[in-house]
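J.: Here it is: the structure, laid out below.
The values are calculated or read from the model by the stated rules, or taken from the named source; none is laboratory data. The model shown is predicted, which means the values in this text are computed figures rather than measured ones. All Cβ positions, glycine included, derive from the backbone under ideal geometry; neighbour counts span all protein chains shown. With ligands, DNA and RNA removed, areas are computed over all heavy atoms of the protein, side chains included. Shrake-Rupley method; radii C 1.70, N 1.55, O 1.52, S 1.80 Å.
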Amino acid sequence: MDRDLMGAAHEALRRYFGYGSFRPGQDRLVEAVLSGRDALGVMPTGAGKSICYQVPALTLSGITLVVSPLVSLMGDQVRALKAAGARPSYLNSSLTPGQRNTVLKRASEGWYQIMYVAPERLSDPRFIAFAQAAVAPGGVGIPLVAVDEAHCVSQWGQDFRPSYLQISEFIDALPVRPPLAAFTATATERVRADIVAMLGLRDPETVVTGFDRENLYFAAEEMGDKAKAVWIRDYAISHADESGIVYCSTRKAVDELYLQLDRALAPHGIRVGRYHAGMSADERTANQVAFIDDAAPVIVATNAFGMGIDKPNVRYVIHHNVPESIEAYYQEAGRAGRDGDPASCYLLWNGNDFRLRRFLIDREYGEGAADEVPDPEARERARQNRYRLLTAMEGYCETTGCLRAYILRYFGDEGALGVESPAARGAQDGCGNCGNCTGAFETEDVTEVARQAVLFVQATGGRFGRTLVADALHGANTEKIRSLHLDGAAGYGSLAHEPTGRIKDVVSQLIGRGYLVQSQGQFPVVGLGPRAVEVLADSPEHPFELTVKRRAARRRSPERVRRAVDLLREEAAEEGSARSRRPHVGDDAELFERLRELRRSFAAERQWAPYMIASDKALRGMCRLRPTTREELLEVPGIGERKADEFGEAFLSEIASFEELRRS
Ligand code: ADP
Ligand code: ZN
């Protein structure tokens, strides 16, 4: 490997992005790409994947192609790179044919260092001709093709995009094969293997950094539909100075919750936005911009929102409903705390969420969907796959173990990341930073109820619904019980001391965990599930025991939930001020507000998002370090040369005048 090239990469990292060093994993990927090897980077959102292809793009000569499915993201990335002083471009359906021609012409003249393209573009003959000429002798050169969101190539995951299958065809059509680097935030073992095979990666340098996001606090709370709205309202009010996303599963739920929150939060001076695919494009854009600019710091949205939202200071993500898979959940929740500071992810759920999800799956893959997927076998496979993803989500809601460990296990990530992340190593025993580890719930032993329920279902041949099973176990003397002769069945009345409601509850949990199953359809009946054997084979050697979360009648107030997380935040802030070099004049918070104001005016002037001028983290760095010269300013993480040139003087003089004012 050429030492000079790696030196140039460090220089680019410093100059364009203002960072002093690569993060673990980034260096290996960058080094591999610079030496012409293929690479595969599997890193969670916020780990810094884009640096891995942007830095090589700004270091190597020629034009790096970045394949990305996120059309909405391209414009932002290009603006941010421009702001950093680079020469980027993009090519997608949002440009007119005339604009696309211009971009291609300039690209072949060597104007650009990096170009984002939508996968559809790869089958466009004009684009193929451009790329073929670029790699041919005398062409501008393509030193790297980077594939973002590479999991979209796999049909096993949830984000499959057929257009991603064109990537390898495109590469094969080039007379000289450029190095290929693939990046994704969500990949199970199986999807990872698919990426290598479907993209045709050749002996890639593979970096799988921990999926763990140490700064995120996770909690799953079961509560009724009405309680959810109240909880979210209280949370937003008690975190009034923070920015958050609230995800709902349907447009209707977004609209309803938005109305409630808007009314409740307005008196507290908190503006709320809303986002879903049913709104006009203009309205969507306006709300997205207001959110990114912190003008409306809270947004209620469907999962249509967030793709490509790079806002670094999102402090909480609350799911008002259950998402379709752990992949989806981790991606959406992962939009919190990109800046590395503590942030919280709450999942509020109840049985209705799962019923709705199942309904949606059946609608999508049932008989009625024959038009879209005509092959009934393929349809059934797809349906089972979606059920499988949802079951894992159910396990997350129900588990009494560490939530972080659950997610990491799901991504097959226990061993791999233990080396790099102390929190993940601890996650096997409990991470200490999730709702379950901080013991914010009570457990109860339901072994006996579970045993009786499973035995009863076995004895009666799985012919009855949940209510009837619970009634019989309780020993109810109803017309229905008598007419079905259940009062004579083995196990009748064996749980006479338990209220029917509680038995029903446990039966639900047994269904959720696979001990029992519930049939689909209008009159679902309960049968034995795959894990029923664990109960039936109960013996001194293999004792069956089951402990579940107690379902609280009343929810804890978010105030208590708040404490653990806020303590962490305060710690992070203290750590920061302990590192400062000279005694501070005046309050950091006050200076931060002034710098934020200055940033806002620059952003408005240029019509950029504020974080493109400087991140919150960079502003906090300024408060901490109180730089007085350009050199000192460059030590602030996130301030590169271009930013120092353009805004440095203004920031420095703001800091100086603040200190002057405080001193006098
Ligand atoms: P991803 O694409 O993996 O979600 P990003 O590329 O958006 O992550 O990076 C997340 C954040 O981390 C960004 O604010 C980015 O500037 C920052 N970052 C990336 N690499 C570094 C680094 N080496 N040092 C400091 N910050 C970094
Ligand atoms: Zn935990």
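J.: Among the numbered criteria (1) open to solvent by 20 Å² or more (accessible area, probe 1.4 Å); (2) under 14 Å from the mean Cα position of the chain (by Cα); (3) without any contact (Cβ under 8 Å) to a residue 60 or more places away in the chain, which single criterion is violated by GLY269?
T.: (2)
J.: Does ALA253 qualify as being open to solvent by 10 Å² or more (accessible area, probe 1.4 Å), touching a His at 6+ places or on another chain (Cβ under 8 Å) and either at pLDDT 95 or above or of a type in the set (Gly, Ala, Ser) (or both)?
T.: Answer is yes for this residue.
J.: While we're on this one: Tell me, which strands (runs of 3 or more DSSP E) lie completely within the range 137-220 with 2 or more residues that are open to solvent by 10 Å² or more (accessible area, probe 1.4 Å)?
T.: 205-208
J.: Output the number of the condition that ASP225 fails; it satisfies all remaining conditions of (1) at pLDDT 95 or above; (2) open to solvent by 20 Å² or more (accessible area, probe 1.4 Å).
T.: Every condition holds for ASP225 apart from (1).
J.: Would you mind telling me which numbered condition in (1) under 27 Å from LEU360 (Cβ atoms); (2) modelled with pLDDT of 95 or more ASP194 fails?
T.: Only one criterion in (1) under 27 Å from LEU360 (Cβ atoms); (2) modelled with pLDDT of 95 or more is unmet by ASP194, namely (2).
J.: Turning to a different aspect of this structure: Within the set of pairs 6+ apart or on separate chains, which have a first residue in the range 37-62 that is in contact (Cβ under 8 Å) with a residue 60 or more places away in the chain, a second that is outside any strand (DSSP E or B) and within 16 Å of ligand 2 (Cβ to nearest atom), and C-beta atoms under 6 Å apart?
T.: Within 6 Å, the pairs are PRO44/PHE211; PRO44/ARG213.
J.: VAL191 - would you say it is of a type in the set (A, V, I, L, M, F, W, C) and under 29 Å from ARG409 (Cα atoms)?
T.: Criteria met by VAL191.
J.: Would you confirm, using the coordinates I've provided, whether GLU534 is open to solvent by 30 Å² or more (accessible area, probe 1.4 Å) and outside any helix (DSSP H, G or I)?
T.: Here the answer is no, as GLU534 does not meet what is asked.
J.: Here's a follow-up. Considering each residue of the range 179-194, count those that are away from ligand 1 (no atom under 16 Å from the Cβ) and β-branched (Val, Ile, Thr), and give that number.
T.: Residues in the range 179-194 being away from ligand 1 (no atom under 16 Å from the Cβ) and β-branched (Val, Ile, Thr): 2 in total.
J.: Based on what the data block shows, is SER519 without any contact (Cβ under 8 Å) to a residue 24 or more places away in the chain, surrounded by fewer than 19 Cβ atoms within 10 Å (Cβ to Cβ), more than 16 Å from ligand 1 (Cβ to nearest atom) and within 20 Å of PHE354 (Cβ to Cβ)?
T.: In short, yes.
J.: Another question, then. From the list ARG482, ARG502, ARG531, which one is within 27 Å of TYR387 (Cβ to Cβ) and not acidic (Asp, Glu)?
T.: Going through ARG482, ARG502, ARG531 in turn, the sole match is ARG531.
J.: Residues in the range 73-84 that are closer than 25 Å to LEU216 by Cα and either away from ligand 1 (no atom under 13 Å from the Cβ) or among the aliphatic types (A, V, I, L, M) (or both): how many?
T.: Within the range 73-84, residues that are closer than 25 Å to LEU216 by Cα and either away from ligand 1 (no atom under 13 Å from the Cβ) or among the aliphatic types (A, V, I, L, M) (or both) number 1.
J.: Give me the strands (runs of 3 or more DSSP E) completely within the range 1-104, filtered to those with at least 2 residues that are away from ligand 2 (no atom under 16 Å from the Cβ) and either small (Gly, Ala, Ser) or over 29 Å from ARG126 (Cα atoms) (or both), ordered by residue number.
T.: Because the criterion is at least 2 residues that are away from ligand 2 (no atom under 16 Å from the Cβ) and either small (Gly, Ala, Ser) or over 29 Å from ARG126 (Cα atoms) (or both), the strands (runs of 3 or more DSSP E) in the range 1-104 that meet it are 39-42.
J.: Still on this structure: Determine whether the range 149-170 contains at least one residue that is farther than 30 Å from ARG379 by Cα and either more than 16 Å from ligand 1 (Cβ to nearest atom) or at pLDDT below 95 (or both).
T.: Looking through the range 149-170, none of the residues is farther than 30 Å from ARG379 by Cα and either more than 16 Å from ligand 1 (Cβ to nearest atom) or at pLDDT below 95 (or both).
J.: A further question on this structure: With the requirement that a residue be closer than 20 Å to LEU348 by Cβ and among the hydroxyl-bearing types (Ser, Thr, Tyr), what does the range 272-330 give you?
T.: Within the range 272-330, TYR275, THR302, TYR316, SER325, TYR329, TYR330 qualify.
J.: Something else now. In the range 26-72, what residues are within 13 Å of ligand 1 (Cβ to nearest atom) and of a type in the set (S, T, N, Q)?
T.: GLN26, THR45, SER50, GLN54, SER68
J.: Tell me, yes or no, whether the range 294-308 has at least one residue that is assigned to a helix (DSSP H, G or I) and outside the structural domain of CYS152 (by TED's automatic domain parsing).
T.: No, there is no match, as no residue in the range 294-308 is assigned to a helix (DSSP H, G or I) and outside the structural domain of CYS152 (by TED's automatic domain parsing).
J.: Which of the residues spanning the range 321-376 are hydroxyl-bearing (Ser, Thr, Tyr) and open to solvent by less than 20 Å² (accessible area, probe 1.4 Å)?
T.: Selection gives SER325, TYR329, TYR330, SER344, TYR346.
J.: Hey, another quick one. Can you name the number of the only condition in (1) modelled with pLDDT of 85 or more; (2) away from ligand 2 (no atom under 16 Å from the Cβ); (3) open to solvent by less than 20 Å² (accessible area, probe 1.4 Å) that ARG379 fails?
T.: Here ARG379 meets the rest and fails (1).
J.: Among the residues of the range 413-431, how many are assigned to a loop (DSSP other than H, G, I, E, B) and either open to solvent by 50 Å² or more (accessible area, probe 1.4 Å) or modelled with pLDDT of 85 or more (or both)?
T.: Residues that pass the stated criteria total 4.
J.: Now, a different point. Can you pull out every residue in the range 17-33 that is out of contact with any strand residue (DSSP E or B) (no Cβ under 6 Å at 6 or more places or on another chain) and either surrounded by fewer than 23 Cβ atoms within 10 Å (Cβ to Cβ) or not assigned by TED's automatic domain parsing to the domain that holds GLY110 (or both)?
T.: Of everything in the range 17-33, those that are out of contact with any strand residue (DSSP E or B) (no Cβ under 6 Å at 6 or more places or on another chain) and either surrounded by fewer than 23 Cβ atoms within 10 Å (Cβ to Cβ) or not assigned by TED's automatic domain parsing to the domain that holds GLY110 (or both) turn out to be TYR19, GLY20, SER21, PHE22, ARG23, PRO24, ASP27, GLU31.
J.: Follow-up. Tally up the residues in the range 234-250 that are assigned to a helix (DSSP H, G or I) and either modelled with pLDDT of 95 or more or open to solvent by less than 10 Å² (accessible area, probe 1.4 Å) (or both), please.
T.: Of the residues in the range 234-250, 2 are assigned to a helix (DSSP H, G or I) and either modelled with pLDDT of 95 or more or open to solvent by less than 10 Å² (accessible area, probe 1.4 Å) (or both).
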